[in-house]
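The next block holds one structure in the form of structure tokens; read it before the comments.
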Amino acid sequence: MKKYIIACGIACLTATTSLSQMTLAQDVKINEASFNAGNEVNIPENWREWVFVGSPLTPHALNDGKAPFPEYHNVYIEPTAYDHWKKTGTWAEGTQLAKELVLIYQNDNDEIGSTSEVSGRGYQQGEFAGLELTVKDSKRFTDMPGGWAYFSFGHKAQPYEKTAKAFPAESCNACHEASAQDDFVFTQFYPVLRAAKPN
Ligand code: HEC
């Protein structure tokens, strides 16, 4: 073994160096969203296979029956953007986060919308009911604070719309800028992202 290590010498060192450079080069490649000629974003292909980071719930029962989004909000981050976050604690240009709305499970729901299941009384996830996306792209969206643009493919059952136009900054971006913990992203509600953030 010792002999092998000595014999390996410079050749191995060179091999290791180029390997780590390759890894670095791969790391900076972010899978970005695609846009059509009208600057509308195309619906991502496989957001349910991205990294799942959290599932806030704001039911009607706790919002005087008028929650703007009474469903679960299942939030996912595109994996290459997640890798970049893990290394740097920042959002790369091209970062995408999807938020899919999921209705509360229906099964003889009681007055606060909860159901009693084998695991106990509470809220479970039912059917998909909408999809939103945010993209950080400060070259394309020069007038959006932080370069973050916000989209919706419909607040409704599937099929979702295939493309979406960016909302004006005041509709979405402003609230995220004011209240989100990490550069427009609500990491205070995503334990997976807090745990992955380097110190
Ligand atoms: C009044 C504040 C507010 C407004 C306005 C708002 N959001 Fe959000 N958004 C939140 C909060 C809080 C979260 C954290 C998760 C949750 O509760 O859904 C969030 C999370 C998200 C996420 C998941 C990634 C992230 O940044 O945390 C997306 C995508 C998103 N919102 C899209 C939109 C879109 C599209 C609009 C405009 C149509 C919008 N938001 C408007 C408060 C807001």
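Bear in mind these aren't lab numbers, they're just calculated from the coordinates by the rules spelled out. This structure is a prediction, so every number in the text was calculated from the model and none was measured. As a convention, Cβ positions derive from the backbone with ideal geometry for all residues, glycine included, and neighbour counts pool all protein chains shown.
General observations
- For segment 23-84: rounded, prolate or oblate by the Cα gyration tensor [a/c cutoff 1.5]: oblate
- Relative exposure of ARG140, ARG194, judged by other C-beta atoms within 10 Å (fewest first): ARG194, ARG140
- Rg/Rh for the chain, where both radii come from Cα atoms and Rh is the Kirkwood radius: 1.11
- Using alpha-carbon coordinates, inclination of helix 2-28 to the longest axis of the chain, degrees: 40 degrees
- Lysine pairs within segment 31-196, Cα separation less than 24 Å, 8 or more sequence positions apart or different chains: 18
- Computed from backbone phi with θ = phi - 60° and the Karplus coefficients 6.51, -1.76 and 1.60, the 3J(HN,Hα) list for segment 188-199 is 4, 10, 10, x, 5, 6, 5, 5, 7, 5, x, 6 Hz; x is used for glycine and proline.
- Working note: 222 nm ellipticity from helices only, DSSP H runs with n ≥ 4, each -39,500 (n - 2.57), summed and divided by the residues of the chain, gives -8000 deg cm²/dmol to the nearest 500.
- Amide hydrogen neighbours beyond the local backbone of GLY126, cut-off 5 Å, H modeled: LEU103, ILE104, TYR105
- Cβ-based exposure ranking for ASP110, ASP183, ASP64, in which fewest neighbours within 10 Å come first: ASP64, ASP110, ASP183
- Scanning residues 5 or more positions from VAL53 or on other chains, those with amide H under 5 Å from its amide H are VAL75, TYR76, ILE77, with H placed 1.01 Å from N in the peptide plane.
- With Cα atoms, 0 to 90° folded angle of helix 79-88 axis to the chain main axis: 70 degrees
- Distance between segment 111-133 and segment 38-104 - C-alpha centres, whole angstrom: 17 Å
- Going from the residue with the fewest nearby Cβ atoms within 10 Å to the one with the most, GLU78, GLU161, GLU100 rank GLU161, GLU100, GLU78.
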